[in-house]
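One structure is given here, and the rest of the page talks about it.
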Amino acid sequence: MPLRNSSLITLQNFSKSFVENLFSEALLLKQKYKNNQCDLPKYSQISHQPIAALLFFEASTRTRFSFEIACIRAGIKPIVLDGVLGTSLEKGESVLDTILNIQAMNPDLFIIRCGENLNLLELQQQIKSPIINAGWGTFGHPTQALLDACTLFEEWKTLENKKILFVGDVKHSRVVASHIQLAQILGAQIGFCAPSDFLSSPVTQNNQNDIEIFEKLEKALPWADAVVALRLQKERHDSSQIFILEDYIESYCLNQQKLNLLSSNSFILHPGPVNYGIEIDNTNNHLHTDSRCKIFNQVENSVFIRQILVERSIKGVL
Ligand code: CP
């Protein structure tokens with residue numbers, strides 16, 4: 001098992017067997033939960049109830065709530081910093097100093113969502129408690145990639161040679177950055193379909209040879225075993241990012257007509273939050289009545305994956 005100080009900042013050092021074992025454990029936990037058979041895990045190496053500091057310096061619904069639920073189900077007490085309001089960040093304290101002060105209170109685990117103004121890899125060297133990356137700038141969102149892949153693994157039992165298409169704002173997506181790492185581990189093939197302005201990033205440039213690029217959805221969708229629609233991340237666009245929203249919607253919004261090009265055996269995912277009508281259409285609720293749509297399954301599975309991750313991290317075996 002690779003040594004990572006039981007932190008999870010990137011997926012870089014994970015092996016295929018390690019990830020598949022994680023998926024199997026999470027899906028078994030899901031089954032036990034549904035059958036009302038879950039026991040609270042024991043943390044024999046800690047004499048107190050473990051505490052996880054959830055520090056969300058950027059907005060979140062799914063990640064924050066699912067980590068909170070995961071911690072509670074795992075017998076770990078979550079304490080939450082949710083945005084700037086009401087904290088000493090309002091008085092000008094830095095994000096780093098905030099974390100170092102909370103570390104002085106000795107929580108057993110940090111779960112951090114932050115921008116690129118914080119370097120989680122450097123922070124890991126500075127503090128003794130493990131860190132789980134809950135979304136870091138555009139650098140990565142490893143637990144989201146894991147839960148997306150687990151949702152597909154639940155259907156396919158392997159991601160080997162499966163074709164996963166990402167549509168839309170690839171450039172600003174930390175989820176894509178983590179999926180590129182995960183696809184290399186699991187043997188999946190990645191495709192992108194996006195306007196050229198939304199394609200080029202250091203991540204895509206470094207992995208150009210491994211990625212299938214499509215200009216049009218009409219070619220991309222028949223290729224895909226799964227399509228992941230990406231949120232248009234307006235908050236990360238700079239002034240050079242000029243595009244006409246109507247044209248973008250016309251070309252890249254997954255509407256019913258376009259989704260007819262996707263095989264009936266393929267799946268539709270979105271990491272959320274969804275801008276309905278921009279990256280994905282839900283007129284007449286057709287999306288959520290489409291049996292290929294796995295968006296709420298992703299959210300459901302997020303709790304089980306994250307429960308396994310927080311338990312392992314606290315036990316020092318992540
Ligand atoms: N997918 C995701 O990270 O959603 P939230 O921003 O709501 O946590």
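Within segment 171-179, is even one residue touching a Leu at 6+ places or on another chain (Cβ under 8 Å), within 16 Å of the ligand (Cβ to nearest atom) and part of a loop (DSSP other than H, G, I, E, B)?
Of the residues in segment 171-179, the ones touching a Leu at 6+ places or on another chain (Cβ under 8 Å) are 171, 173, 175-176, 178.
This time we only want the ones that are within 16 Å of the ligand (Cβ to nearest atom), so: 173, 175-176, 178.
Subset that is part of a loop (DSSP other than H, G, I, E, B): 173.
Yes, that holds for at least one residue.
When Gly187 is tested against (1) open to solvent by 10 Å² or more (accessible area, probe 1.4 Å); (2) at pLDDT below 95, only condition (2) is not met.
Take segment 70-79 and flag every residue that is open to solvent by 40 Å² or more (accessible area, probe 1.4 Å) and touching a residue at least 60 places away in the same chain (Cβ under 8 Å). Passing the criteria: only Arg73.
Taking into account only those residues within segment 102-157 that are part of a loop (DSSP other than H, G, I, E, B) and within 22 Å of Asn297 (Cβ to Cβ), which is farthest from the ligand (Cβ to nearest atom)?
Lys157
Scan segment 22-79 for residues that are aromatic (Phe, Trp, Tyr) and either more than 16 Å from the ligand (Cβ to nearest atom) or part of a strand (DSSP E or B) (or both) and jot them down.
Start the filter on segment 22-79 by keeping residues that are aromatic (Phe, Trp, Tyr), which leaves 23, 33, 43, 56-57, 65, 67.
Passing the criteria: Phe23, Tyr33, Tyr43, Phe56.
Restricting attention to segment 117-156, the residues that are among the charged types (D, E, K, R), modelled with pLDDT of 95 or more and either open to solvent by less than 40 Å² (accessible area, probe 1.4 Å) or under 25 Å from Gln103 (Cβ atoms) (or both) add up to 2. Filtering Glu246, Glu215, Glu235 for residues that are of a type in the set (D, E, K, R), open to solvent by 70 Å² or more (accessible area, probe 1.4 Å) and within 16 Å of the ligand (Cβ to nearest atom) leaves a single hit, Glu235.
With respect to Glu90, determine if the residue is within 16 Å of the ligand (Cβ to nearest atom) and without any contact (Cβ under 8 Å) to a residue 24 or more places away in the chain. So Glu90 does not fit the description; no. Checking each residue in segment 80-101 for being open to solvent by 70 Å² or more (accessible area, probe 1.4 Å) and part of a strand (DSSP E or B) picks out only Asp82. Cβ-Cβ distances below 6 Å connect the following pairs, each with a first residue in segment 25-38 that is closer than 12 Å to Cys150 by Cβ, a second residue that is among the acidic types (Asp, Glu), and a separation of six or more residues or different chains: Leu27/Glu154. Just the residues that are aromatic (Phe, Trp, Tyr) and either within 16 Å of the ligand (Cβ to nearest atom) or open to solvent by less than 20 Å² (accessible area, probe 1.4 Å) (or both), please, taken from segment 249-282. Matches in segment 249-282: Tyr276 only. All conditions in (1) among the polar types (S, T, N, Q); (2) over 18 Å from Gln144 (Cα atoms); (3) buried (at least 16 other Cβ atoms within 10 Å of the Cβ) hold for Asn285, with the sole exception of (3).
The values are calculated or read from the model by the stated rules, or taken from the named source; none is laboratory data. As the structure is a prediction and not an experimental result, all values here were calculated from the model. Ideal geometry is used to build each Cβ from the backbone, glycine not excepted, and the neighbour counts take in all protein chains shown. Side chains are part of the model used for accessible areas, which takes the heavy atoms of the whole protein and leaves out ligands, DNA and RNA. Shrake-Rupley method; radii C 1.70, N 1.55, O 1.52, S 1.80 Å.
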